[in-house]
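The values are calculated or read from the model by the stated rules, or taken from the named source; none is laboratory data. Bear in mind the structure is a predicted one, so any value in this text is a computation, not a measurement. Methodologically, a virtual Cβ is constructed for each residue, glycine included, from the backbone with ideal geometry; neighbour enumeration extends over all protein chains shown. Heavy atoms of the whole protein, side chains included, go into the accessibility calculation; ligands, DNA and RNA do not. Shrake-Rupley method; radii C 1.70, N 1.55, O 1.52, S 1.80 Å.
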Number of protein chains: 2
Amino acid sequence: MEGEPTRVMIGVNESTIKGYPHASISSRGAFEWTLHKIVRSNTSGFKLLFLHVQVPDEDGFDDMDSVYASPEDFKTMNLRDRTRGLHLLEYFVNRCHDIGVACEAWIKKGDPKEVICYEVQRVLPDFLVVGSRGLGPFQRVFVGTVSEFCAKHAECPVITIKRRADETPQDPVDD
Amino acid sequence: MEGEPTRVMIGVNESTIKGYPHASISSRGAFEWTLHKIVRSNTSGFKLLFLHVQVPDEDGFDDMDSVYASPEDFKTMNLRDRTRGLHLLEYFVNRCHDIGVACEAWIKKGDPKEVICYEVQRVLPDFLVVGSRGLGPFQRVFVGTVSEFCAKHAECPVITIKRRADETPQDPVDD
């Protein structure tokens, strides 16, 4: 029953509280859940595919006080974004390496929900794991939810892991 | 990383084409997917919990031409329903036994979507697997979908396994 490992795509993003390169609470939750409940001791049976989608607008926010005087300034910015994304992925890849689970990780830019669904089509994982803040309907109206969109539109089975209640930060929209 | 096995609840139902005690295409699909993609060779790491919800009305349909003259007739009917449900579960339990995966199976009566969510609350599985016919929005209006309801309301992670395109019967509402 072994053969090719089961390929699990996991969408990961940065924390809104601690900032780059810290993984969000729900990303870490989804990852740890996958390790403990699915992979378990069968480390050779799975390959984890980490996708981090950087939101261009969100990053621009940090640059409010920056001055852009030349094309070089933008190159520096892109390089810095890249470095941050890589640090985020490093956390997950290191964990996998320590445990002995095969993995791949990559970064894309765009709208996370759209890009995740597009990457599912391209990479064809066996299933997709996404973390969710578990917001109520009122909060969802304002922040949208990547997990709901993916569960509906991704062309593979999707499992949504809600953030544990005891890990909810003071503002539940934070993660 | 082992310890207690991961408890996976799987909702199973009968085929609308072949009738009891044949499992529906989507139930079998969800079960086989769980074995091949999640359990794999780690048979001691998982325990499968099969829940079959019998719909009282649906069964009544077969009894259109029956005559009920005494309380005994109803007892016979209940016994017959019970026997059919047990045969359905037998299929899944036998497969698990052959492979060496621990399992439990039980029958409840009621509205499948409500009962599955209720049983999740009672039994607290690590996650729930449900099959889906993968109907389009137009077809869904008329038949409702158990998987969509469970994905939204069940108090545990839910993974929906769509029926494979090459297994779709002539009438996609059939299963």
Inter-residue pairs, beta-carbon under 6 Å, first in contact (Cβ under 8 Å) with a residue 40 or more places away in the chain and in the stretch A:31-49, second among the polar types (S, T, N, Q), 6+ apart: A:PHE46/A:THR6
Restricting the stretch A:143-164 to residues that are out of contact with any helix residue (DSSP H, G or I) (no Cβ under 6 Å at 6 or more places or on another chain) and in contact (Cβ under 8 Å) with a residue 24 or more places away in the chain, the residue that is nearest to B:ALA30 (Cα to Cα): A:PRO157
Pull up the stretch B:1-55, narrow it to residues that are open to solvent by 40 Å² or more (accessible area, probe 1.4 Å) and small (Gly, Ala, Ser), then point me to the one that is nearest to the other protein chains (Cβ to nearest Cβ). B:SER41
For the stretch B:99-140, which residues satisfy the criterion of being farther than 28 Å from B:ALA165 by Cβ, open to solvent by 70 Å² or more (accessible area, probe 1.4 Å) and not aromatic (Phe, Trp, Tyr)? B:GLU104, B:LYS108, B:LYS109, B:GLU114, B:GLN121, B:ARG122, B:LEU124
